[in-house]
1. Given points 7 Å out from each Cα along the Cα-Cβ axis, report the residue 2 to residue 105 separation in nanometres with one decimal.
2. What does the charge dipole of region 62-181 about its Cα centre add up to, to the nearest 20 debye, if the Cβ of each Lys and Arg holds +1 and the Cβ of each Asp and Glu holds -1?
3. Excluding residue 330 itself, calculate the net charge of residues whose Cβ lies under 15 Å from the Cβ of residue 330, where each Lys or Arg counts +1 and each Asp or Glu counts -1.
4. Classify the chain as rounded, prolate or oblate, taking a ≥ b ≥ c as the square roots of the eigenvalues of its Cα gyration tensor: rounded when a/c is under 1.5, otherwise prolate if a/b is larger than b/c and oblate if not.
5. Counting only GluC sites (Glu not before Pro) that sit in a DSSP loop (anything but H, G, I, E, B) with at most 12 other Cβ atoms within 10 Å, what is the longest stretch of the chain containing none of them?
6. In degrees from 0 to 90, rounded to the nearest 10, what is the angle of the helix 123-132 Cα long axis to the longest principal axis of the chain?
7. Need the C-alpha centroid separation for region 284-320 versus region 1-27, integer Å.
8. What ³J(HN,Hα) values, in whole Hz, does the Karplus curve 6.51 cos²θ - 1.76 cosθ + 1.60 give for region 168-179 when θ = phi - 60°, with x put for Gly and Pro?
Amino acid sequence: MTSSFHPPQRILMGPGPSDISPRVLGALARPTIGHLDPQFIHLMDEVKGLLQYAFQTTNELTLPVSAPGSAGMEACFVNLVSPGDTVIVCQNGVFGGRMKENVERCGATAVMVEDDWGQPVSLDKVEAALQAHPEASVLAFVHAETSTGARSDAAALCALAQQYGALSIVDAVTSLGGIEVSVDAWGADAVYSGTQKCLSCVPGISPVTFSPRAVERIQSREHRVQSWFLDMQLVMGYWGGSSKRAYHHTAPVNALYALHESLIMLEEEGLENAWQRHLRNHLGLVAGLEAMGLTMAVAPKYRLPQLNAVNIPAGVDDAAVRAALLNDFSLEIGAGLGALAGKTWRIGLMGHASSERNVITCLTALESVLGQQGADIASGRALAAARAALAG
Ligand code: PLP
């Protein structure tokens with residue numbers, strides 16, 4: 001007989017999923033009710049309101065897509081891009097490449113603006129591309145590049161899009177809840193996120209928000225959206241503002257209880273406080289890593305507090321270190337992705353996992369494992385440096 005699955009208790013300090021609070025896991029286990037039950041519809045309304053708070057928007061079309069961040073990405077592209085369109089896509093890591101895929105699968109042309117991995121998107125290059133392509137209808141970029149740990153200037157990029165008459169599509173999968181995401185203040189048009197990063201909820205849901213301008217574009221489409229499931233005109237009938245909801249698909253009822261709880265926790269803490277907590281713990285971690293003699297892969301100005309890319313010291317066996325952290329300390333950190341595979345580790349301090357305790361645990365474990373590997377590090381300094389930065 002196959003037996004029940006009992007996962008080990010890990011500390012999740014990779015690129016996501018992140019640790020989930022027992023409060024959120026508790027919500028997940030509450031009794032399932034029908035997805036058209038009036039009580040569930042009330043919960044759906046509250047989730048929309050809480051997401052508007054998290055995104056800092058009054059956009060009516062703000063909802064959680066019933067599928068992971070990749071589906072949120074796809075929802076933005078398939079609804080806003082039509083065959084024959086030109087889209088400017090910024091790529092400075094893995095996820096910009098996925099945006100290109102989406103554009104091409106919509107039958108549109110992607111004009112790529114490329115920057116080195118670990119660098120932010122260049123505003124000058126984007127402006128040059130917008131000038132060279134006045135026909136571009138959308139500018140798409142990743143706010144927080146999880147593959148490199150670099151943050152781009154979303155406010156300035158959205159302003160450029162507006163200046164040149166394009167809509168903006170913003171990937172906020174790793175940013176939402178960890179650093180400022182101010183959809184209305186930025187004038188962003190379509191923003192998607194994920195639940196498994198700084199919201200510290202279960203994976204598999206993608207919050208999205210569309211500005212009134214984006215909704216207008218969706219409503220005036222000449223081509224039918226190629227995806228039935230992600231067609232926002234249909235999804236609106238299920239998640240829309242009116243009290244009468246039409247069945248479209250069955251929402252992931254219990255996962256939405258969990259999202260509701262995690263968003264309540266964010267509201268209780270306050271967005272600004274959550275951003276401050278992420279920053280403080282990041283500074284503590286970096287101080288400890290640098291005191292050990294390790295170096296960060298991204299320049300301080302562009303570092304994401306929730307995703308810390310660390311250069312792997314020469315001669316150190318990347319996979320062996322990660323395996324020892326997992327086996328001996330039950331601690332997960334991330335490997336480098338794409339062009340950075342084997343060159344960096346990605347240490348997440350996301351959502352519930354962004355805690356002083358995790359900073360100290362990670363530094364202790366890493367120092368121990370690197371010591372065993374015979375790596376050339378300075379021992380015995382990391383914790384004092386981290387504690388001083390955390391106190392500062
Ligand atoms: N965009 C970014 C920046 C991400 O980090 C991720 C996931 O790590 C995604 C998109 C895709 O999200 P998911 O894995 O939930 O489909």
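1. A separation of 2.8 nm, rounded to one decimal place.
2. Result for region 62-181 is approximately 220 debye, rounded to the nearest 20.
3. With Lys, Arg at +1 and Asp, Glu at -1, the net is 0.
4. Oblate, because a/c is 1.5 or more while a/b does not exceed b/c.
5. 223-392
6. Once rounded, the angle reads 30 degrees.
7. Cα centroid to Cα centroid, the span is 26 Å.
8. After applying 6.51 cos²θ - 1.76 cosθ + 1.60, I find 10, 10, 10, 8, 10, 4, 8, 7, 4, x, x, 9 Hz.
The values are calculated or read from the model by the stated rules, or taken from the named source; none is laboratory data. Since the structure is predicted, the reported quantities are computational estimates derived from the model, not experimental observations. Ideal geometry is used to build each Cβ from the backbone, glycine not excepted, and the neighbour counts take in all protein chains shown. In case anyone asks, the SASA skips ligands and DNA or RNA and just uses the protein heavy atoms, side chains included. Shrake-Rupley method; radii C 1.70, N 1.55, O 1.52, S 1.80 Å.
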